[in-house]
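Accompanying notes for the structure given below.
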């Protein structure tokens, strides 16, 4: 058969893309013919047999919460334990006791403590930056919100690390443990944040405990992954040497592996912290106090300026946490001080400690140091300023944004949505599976078909396809941006330096902060959700592509140039093909990131599965449908991830 | 620092602890705050000659009010919060949360204690059955949901306000979002709606578009009124926006249901008195805040007045304080039984 | 020190990697060549039926190309890699029968190892690196630092105690590696290509250092290398490994003069004989009593090193071993050796 194909089928038919394009044409034609047939479209408040079962299940759990022993003796005490832990931190930095004016420490004391801690673990420059940023949160008028966010983040990080570090170390040392946790870590990586909120709330209700637990679920896998990687990627030489000198396993771990892995582990702390911070903001949806609240409020009542101001405070916190932990990594990497520099360092630490203690005392006794002064609070002017900018922007570019939105929706979004959502469901499944077979192989095609059928069985096929449409389009845009900017940044260091702060900000800003301005520009449309997805995912993809392009061996590029290639030829014939792995990795990351945000798009009217998740959270009678939508998101995520992975492996 | 780092890190908590101990020694602003408050109260009582009353106010405690995503709710909740803080000395936390299920769960967890305006239409019953939540009466506002178009459309197409004839105008409402159907804008996912049922029941050639927020609905109608564009969307009273922009209600046959789950889709939304909910913990605490919440009651006009100020650029605190100052009698009627009053 | 009992005795040692390591030794498969074995069983015998003895105080070099199994062999001796089968006795103790705890104790006190890539702990200062095995053995800090300072001096690192590995050059880092191996005053040292990662000039220095340390301390050493010149310079005896098996064991001279097969000959051909042969190997009996009156040459001097003296003396110079004159070397003998070297050069 294969031989027959080889001899009788023209050459161009051996190319995958020819087949894919052909399939798309067939798909499009059939989709037109059977438009609106068997689309499995159901109303938002309509249940299916599966969602009803889930709804009943949810209702049973809710009913069990008050009396069932599992709740009474395990879940509820666990919830209360977590809550009290976080409340202790809040009591110190953000939440005054009843009748009190300030928490245990006033703003000035907190500023000093942060400055001191960063100074002790890194250097004075980072310390100063951290203090400026924290002070900035006050200037933005977000002091208490920021401290709440910080308290929740710290609480979640401490608890997360207490779990992630031991498991990560264990998984680093033991292959069997690694094999056991890897699927969980992989799943966690593709699970959009919005998905855990509902099931968690079912068990841990709504509030600080649920937010903290959700944040932990989000950040623990990241901590485990990096810690395990830290242990695994150690050079073998020193470890073998330690073994040859008769170390016990414990000695080897504590005297050799952990100290050597420390740098990467601190990096893990950094990543865990940033992940926790971004999640704590989203966790406002399940009752987390802090900066997520003004953002959420800004989304629901017209207050764009305030939302952006709060978003800015999130960025300040993120930069502070990122820079201070990064600087701590750098410091832990330095050769220890000795002699005079050490003495100076010790003296300055001592002085800083005394200053900090004085500041803390003042912050409890002097009003100006206790409560962030109103005269330094520029929340309103800053908010007004952002409002004015947005107002100007929306009115000036109203026609541009709306007409762009319109053209895009009519010519790209709708046709693709017709293809996926308005064609008969079996046609879509067959086509997706065949395309999966072509680019990823038979196994992945079968998996895709099975998972998609499962979505049909759940009964949320149509909504899933609406979400898929947005994800695919956003990912395509992200890839275009990612390749263009990534190649430019990978080839040109100057450009990369210009781009870097934007990428940093883009990556640290929690996704749902941009919903506010995007909503103002594009209104409640699917396009708005796509734009948010693009904003969120583009920085990551640009990074991955830039790294890939930079990773292409210099000799290869030089060889191409010396054989007379033009710049375009160097890019298209050498740098891009050679960094194909990074491009595919970028595409995979892009898909997952986009999915995470497009789902949140339910908040700005993008419909689809995100809407159903949110609806289920509010309407108890539709909670089953919300849970089912969460499940469908996970299944969709797995399908896309597996197809992307398989195609990466094949290339 | 490699070797010294661990040593020095061990010193940090010690330093921190020492700092806290030292800090603990001095007079705290927290104590000072209580003192000032007491002094102020003393001054006040002398001036007002209301010594006995002030002395009888029981300790209020630390409570949380849910904040929902529409401005009318913000107005109600902010006024209750301001009165509780100023007159009763309560510590009130305001927690931004989606309505209904999410908030009931938050009440069951003890994360919030009060919802001052609930449109949920009895969805809370199961939480009441579990003993977590209690109904504490209506808040005086009467809610009415409906579908609206900008006034200019009603002027131009008089029939358009007859819901059963909406199909004649579906073309006007076509958007890129809805293709060849008319766009039927709904509120956020949590809002009570029977929009899909109406579309089904009358076979309307419309497609539901969810807007995700009140802000988006307001934006929609503002654009429609300003630019004379078409818009058909969900809206509700009390909402002061209705006083600012002329909207016309699209009418369906008179209402015959209360539980949205049982609505046929053939009839309009009902007028529904809006409910206040509180946790059993609050109700049974004996805190004056429980009394305040139970007594809180005002009209749609009152709410619209505060909401208008918030929409007009005041902070919710400013707007609430302005209304409180202008309506002392009403506020004092809410405070009846707590022993406190404002002046 | 008795010469009768070997310090290390290895018998029929096997290390098989692959899916069924235990199903090879003792079966006909064990006789298969490497590619055949891999084809048939998916296994590789990295150490293939190796037996040898190392005398007390001897420097025993294992020489082979990469992949010949020499690094696996040395690790099997101290069970850093568990051998598949065979026997290893060190100082009379059955190593393969030792419990985990006993093995640790042996590693802490009796053996030590030097690694190709040094294996220093980057987060510890030089002195703490050197004192590591004392530390894990529970030696108190001032005591272990005192000992570490002794060996620091011994390897010529005085003044660097508080530096960190990354501050030192490669050659100095390996001195730390040596010092660390010496710190416990081991009975046997295993050196796994210790100088392969160093520049040629530094490598020469370090080889001399090893010769010097060995002369001073007289430790038993097992030295792994892929460099025949190094093997010749350092080793008392050399084992040549190929595909996991030992092809030939012998003194440098034996290997050069009597290679066991073409494989060994291929190696030794490249070595100028004058660099390897010792004067005793080319000495001729004193037939006519016509010998130079100058100082006799010790029997183990390398031929090349006495070239100048012999060529500048018209008469043969006598060779002594243990105070006895065993023969003499004159210009003729020397020229024969050099002529062979030149021929090799021309043929190559």
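Evaluate the following for residue B:189: is it outside the structural domain of residue B:65 (by TED's automatic domain parsing), under 30 Å from residue A:463 (Cβ atoms) and either surrounded by 23 or more Cβ atoms within 10 Å (Cβ to Cβ) or touching a residue at least 60 places away in the same chain (Cβ under 8 Å) (or both)? Spelling it out, residue B:189 is indeed outside the structural domain of residue B:65 (by TED's automatic domain parsing), under 30 Å from residue A:463 (Cβ atoms) and either surrounded by 23 or more Cβ atoms within 10 Å (Cβ to Cβ) or touching a residue at least 60 places away in the same chain (Cβ under 8 Å) (or both).
Can you tell which of A:348, A:403 is more than 12 Å from chain B (Cβ to nearest Cβ), part of a helix (DSSP H, G or I) and more than 30 Å from the chain's Cα centre (by Cα)?
Result of the check over A:348, A:403: A:348.
A count restricted to the range C:259-288 and to residues that are assigned to a helix (DSSP H, G or I), within 22 Å of the chain's Cα centre (by Cα) and more than 18 Å from residue C:302 (Cα to Cα) stands at 5. Would you check which residues across the range C:269-279 are buried (at least 19 other Cβ atoms within 10 Å of the Cβ) and free of Cβ contacts under 8 Å to residues at least 60 places away in the same chain and list them? Selection gives C:271, C:276, C:278, C:279.
Looking only at the range A:441-469, how many residues end up being more than 28 Å from residue A:53 (Cβ to Cβ) and within 26 Å of the chain's Cα centre (by Cα)? Walk me through it before giving the result.
First, the residues of the range A:441-469 that are more than 28 Å from residue A:53 (Cβ to Cβ): A:441-445.
Among the residues that remain, those that are also within 26 Å of the chain's Cα centre (by Cα) are: A:444.
Of the residues in that region, 1 qualify.
Does the range A:218-228 include one or more residues that are closer than 29 Å to residue B:68 by Cα, in contact with a strand residue (DSSP E or B) (Cβ under 8 Å, 6 or more places away or on another chain), assigned by TED's automatic domain parsing to the domain that holds residue A:320 and part of a helix (DSSP H, G or I)? No, every residue in the range A:218-228 fails to be closer than 29 Å to residue B:68 by Cα, in contact with a strand residue (DSSP E or B) (Cβ under 8 Å, 6 or more places away or on another chain), assigned by TED's automatic domain parsing to the domain that holds residue A:320 and part of a helix (DSSP H, G or I).
Whether any residue in the range A:356-372 is assigned by TED's automatic domain parsing to the domain that holds residue A:258, over 30 Å from residue A:104 (Cβ atoms) and part of a helix (DSSP H, G or I) is what I want to check. Taking every residue of the range A:356-372 in turn, none turns out to be assigned by TED's automatic domain parsing to the domain that holds residue A:258, over 30 Å from residue A:104 (Cβ atoms) and part of a helix (DSSP H, G or I). Could you tell me how many of the residues in the range A:109-144 are more than 30 Å from residue A:230 (Cβ to Cβ), within 13 Å of chain B (Cβ to nearest Cβ) and surrounded by fewer than 23 Cβ atoms within 10 Å (Cβ to Cβ)? Going through the range A:109-144 one residue at a time, the tally reaches 1.
Can you tell me which residue in the range C:110-130 is surrounded by the most Cβ atoms within 10 Å (Cβ to Cβ), limited to those that are over 25 Å from the mean Cα position of the chain (by Cα) and facing another protein chain (nearest Cβ under 7 Å)? Write out each step before concluding.
Initially, the range C:110-130 is screened for residues over 25 Å from the mean Cα position of the chain (by Cα), giving C:122-128.
Applying the additional criterion that residues be facing another protein chain (nearest Cβ under 7 Å) yields C:122-123.
On the way: C:122: 16, C:123: 23.
Residue satisfying both the conditions and the ranking: C:123.
Looking across A:298, A:313, one residue alone is modelled with pLDDT under 85, in the same structural domain as residue A:164 (by TED's automatic domain parsing) and surrounded by 24 or more Cβ atoms within 10 Å (Cβ to Cβ). It is A:298.
Table: residues versus (1) more than 7 Å from every other protein chain (Cβ to nearest Cβ); (2) at pLDDT 90 or above.
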residue: B:38; (1), (2): yes, no
residue: B:54; (1), (2): yes, no
residue: B:57; (1), (2): yes, no
residue: B:69; (1), (2): no, no
residue: B:73; (1), (2): yes, yes
residue: B:96; (1), (2): no, no
residue: B:101; (1), (2): no, no
residue: B:106; (1), (2): no, yes
residue: B:114; (1), (2): yes, yes
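Comparison of A:616, A:602, A:608, A:630 shows that the only residue that is modelled with pLDDT under 85, within 14 Å of another protein chain (Cβ to nearest Cβ) and within 27 Å of residue A:526 (Cβ to Cβ) is A:602. For residue B:286, the conditions (1) outside any helix (DSSP H, G or I); (2) within 23 Å of residue B:239 (Cβ to Cβ) all hold with the exception of (2). Pairing residues of the range C:78-93 that are away from chain A (no Cβ under 14 Å) and without any contact (Cβ under 8 Å) to a residue 24 or more places away in the chain with residues that are buried (at least 18 other Cβ atoms within 10 Å of the Cβ) and assigned to a strand (DSSP E or B), at Cβ distances under 9 Å and at least 6 apart in sequence or on separate chains, gives no pairs at all. If we keep just the residues of the range B:165-183 that are touching a helix residue (DSSP H, G or I) at 6+ places or on another chain (Cβ under 6 Å) and not in a loop (DSSP other than H, G, I, E, B), which is nearest to the other protein chains (Cβ to nearest Cβ)? Selected residue: B:183.
If I go through the range A:74-91 residue by residue, how many of them are within 20 Å of residue B:90 (Cα to Cα) and in contact with a helix residue (DSSP H, G or I) (Cβ under 8 Å, 6 or more places away or on another chain)? Before you say what the answer is, go through the steps one by one.
Looking only at the range A:74-91, we keep the residues that are within 20 Å of residue B:90 (Cα to Cα), and these are A:87, A:90-91.
Narrowing further to those that are in contact with a helix residue (DSSP H, G or I) (Cβ under 8 Å, 6 or more places away or on another chain): A:87, A:90.
Counting residues in the range A:74-91 that are within 20 Å of residue B:90 (Cα to Cα) and in contact with a helix residue (DSSP H, G or I) (Cβ under 8 Å, 6 or more places away or on another chain) gives 2.
Residue C:62 falls short on exactly one of the conditions (1) within 17 Å of the chain's Cα centre (by Cα); (2) buried (at least 24 other Cβ atoms within 10 Å of the Cβ); (3) at the interface with another protein chain (Cβ under 10 Å from one of its Cβ atoms), and that condition is (3).
On inspection, residue C:40 qualifies as loosely packed, with under 15 Cβ neighbours inside 10 Å and more than 19 Å from the chain's Cα centre (by Cα).
Could you grab me the full set of residues in the range A:308-338 that are touching a residue at least 12 places away in the same chain (Cβ under 8 Å) and within 10 Å of another protein chain (Cβ to nearest Cβ)? Within the range A:308-338, A:328, A:331, A:332, A:333 qualify. Consider residue A:414 carefully, then state whether it is in a helix (DSSP H, G or I), surrounded by 15 or more Cβ atoms within 10 Å (Cβ to Cβ) and without any contact (Cβ under 8 Å) to a residue 12 or more places away in the chain. It is true that residue A:414 is in a helix (DSSP H, G or I), surrounded by 15 or more Cβ atoms within 10 Å (Cβ to Cβ) and without any contact (Cβ under 8 Å) to a residue 12 or more places away in the chain.
Which ones in the range C:99-109 are more than 7 Å from every other protein chain (Cβ to nearest Cβ) and closer than 27 Å to residue A:234 by Cβ? C:100, C:101, C:103, C:106, C:109, listed by residue number. Screening the candidates A:151, A:180, A:164 for the property of being part of a helix (DSSP H, G or I), on the phi < 0 side of the Ramachandran plot and surrounded by fewer than 18 Cβ atoms within 10 Å (Cβ to Cβ) yields one hit, A:180.
Within the range B:193-222, track down each residue that is assigned to a helix (DSSP H, G or I) and surrounded by fewer than 22 Cβ atoms within 10 Å (Cβ to Cβ).
Initial filter on the range B:193-222 (assigned to a helix (DSSP H, G or I)): B:195-202, B:214-222.
Matches in the range B:193-222: B:196, B:197, B:199, B:200, B:201, B:202, B:219, B:222.
Selection of the range C:131-140 for residues being at the interface with chain A (Cβ under 8 Å from one of its Cβ atoms) and either surrounded by 24 or more Cβ atoms within 10 Å (Cβ to Cβ) or touching a strand residue (DSSP E or B) at 6+ places or on another chain (Cβ under 6 Å) (or both) yields C:132, C:133.
When we screen B:230, B:248, B:225, B:278 for residues that are in contact (Cβ under 8 Å) with a residue 24 or more places away in the chain, more than 13 Å from chain A (Cβ to nearest Cβ) and in a loop (DSSP other than H, G, I, E, B), the only hit is B:230.
Residue C:42 falls short on exactly one of the conditions (1) in contact with a helix residue (DSSP H, G or I) (Cβ under 7 Å, 6 or more places away or on another chain); (2) farther than 28 Å from residue C:213 by Cα, and that condition is (1). Against the list (1) away from chain B (no Cβ under 14 Å); (2) modelled with pLDDT of 90 or more; (3) surrounded by 19 or more Cβ atoms within 10 Å (Cβ to Cβ), the condition residue A:217 fails is (3).
The values are calculated or read from the model by the stated rules, or taken from the named source; none is laboratory data. Remember, it's a predicted structure, so these values are computed and weren't measured experimentally. Cβ atoms come from the backbone with ideal geometry, glycine included; neighbour counts cover every protein chain shown.
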